[in-house]
Amino acid sequence: MDDHVSQAVGRPDLVRLDERLICLRFETMKVLSADAAVAHLLSTGAVRRGDTLLDSSSGIYAYALALACHRHGLRCHIVGSTTVDAAVRTQLAVLGAHLEQMPPSADLKLDQNRRVARIRALLAQDPRLHWMRQYHDEVHHLGYRSVARTVAAELGNQALTLVGGVGSGASTGALAGYLRRDAPGTRLVGVQPFGSVTFGSEHVSDPEIIIAGIGSSIPFGNVVHSRYDVVHWTGFAAALSGSVDLLRRHAVFAGLSTGAAYLAARWERRRDPGRTVVVIAADTGHRYVDTVFARHDEALPIESLAPHEVTGTDGPALPWSRTEWAGAPAPPAARVSPEDTVAPVTR
């Protein structure tokens with residue numbers, strides 16, 4: 001029996017979608033990451049019960065950190081994106097977390113820069129705050145060790161390809177790193193939105209929306225670019241089609257980034273049918289009911305979609321592009337400056 005709901009919320013399920021296509025389905029994936037990070041900080045004395053943990057979030061990590069703080073007896077302060085929705089805001093309030101939400105903005109870079117500036121201002125005012133640095137601190141990798149063990153135990157010695165949103169790098173990158181300890185041939189396929197600097201698509205604008213949570217307009221120190229074999233850039237229209245098909249065909253109700261990853265996973269399985277492909281479903285589809293699933297009649301047949309094959313970061317184009325990244329280093333705009341990785345003041 002679990003001692004806290006965060007354990008149940010963070011535990012993933014493996015669901016077979018098709019022959020050699022597996023869904024690693026989470027209710028809220030970052031709960032694992034946040035809980036393991038907080039437990040580690042407490043065990044090492046970096047924080048103590050009653051301290052306040054601080055970070056920036058577009059929604060999912062905010063909820064995850066609030067649950068971890070609730071479980072371990074800490075306070076939680078979130079500088080939230082303009083995209084944090086009413087359901088998350090309400091849960092944060094009831095859980096006792098303090099949310100500062102940025103004003104409305106259609107510019108993801110402006111939204112993220114505002115959040116970073118606010119974090120630094122808060123740390124200057126009160127150095128006792130502990131900045132979790134979900135985008136930079138490797139402590140957020142720890143939670144995926146148990147997931148790797150689960151995947152390996154369930155799928156045995158099959159040749160694996162892992163597909164999922166890149167995000168802060170602490171999910172796909174960490175999971176692939178743990179899997180490769182026993183299965184070095186595991187391939188990693190990262191999914192990105194257009195407009196993200198992480199893999200060099202910042203010059204391509206998606207007229208609909210940048211898919212929050214899997215890309216960034218600022219560099220993330222947790223992304224280990226050399227771990228990625230392939231990168232897919234997916235626009236809103238293609239991701240919507242993937243999300244709707246995943247629900248219609250397999251009854252898996254998951255977020256927009258999962259729709260993008262599902263498209264990429266099907267494509268990778270087609271290219272290399274001898275491998276088992278595991279696609280990460282990072283969260284449920286509830287926050288996309290109005291923006292994605294209510295528009296299900298706009299979904300294109302996914303068999304009609306195919307990515308543009310490009311070299312490196314040259315020429316990615318809507319609605320979907322793919323490149324053999326082959327462990328290349330970070331592009332210039334994704335390289336993190338030393339000041340971005342400075343650790344917060346701790347005891």
Item checked: Degrees between helix 256-271 axis and first principal axis of the chain (Cα, 0 to 90, nearest 10) -> 40
Next item on the list: Mind pulling the angle between the C-alpha long axis of helix 172-182 and the longest principal axis of the chain? Nearest 10 degrees, somewhere in 0 to 90.
Entry: 80
Next item on the list: Enumerate the calculated ³J(HN,Hα) couplings along the range 274-286 in order (Karplus 6.51 cos²θ - 1.76 cosθ + 1.60, θ = phi - 60°), each rounded to whole Hz, writing x wherever the residue is Gly or Pro.
Entry: x, 10, 8, 9, 10, 9, 8, 9, 6, 7, 7, x, 4
Next item on the list: Output the antiparallel fraction of DSSP beta bridges having both residues in the range 31-138, as a percent to the nearest 5.
Entry: 0
Next item on the list: Place +1 on the Cβ of every Lys and Arg and -1 on the Cβ of every Asp and Glu in the range 173-281, take the dipole about the Cα centre, and give the residue among His225, Leu247, Gly274 whose Cα lies farthest towards its positive end.
Entry: Gly274
Check: Of all DSSP beta bridges located in the range 206-347, what percent are antiparallel, nearest 5?
Finding: 70
Notebook entry, point to check: By how many degrees, between 0 and 90 and to the nearest 10, does the Cα long axis of helix 30-44 differ from the longest principal axis of the chain?
Noted result: 40
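Only the coordinates and a few stated rules stand behind these numbers; no lab work does. These numbers were taken from a predicted model, which means no experiment stands behind them. Counting neighbours? That spans all protein chains shown, and the Cβs are built from the backbone with ideal geometry, glycine included.
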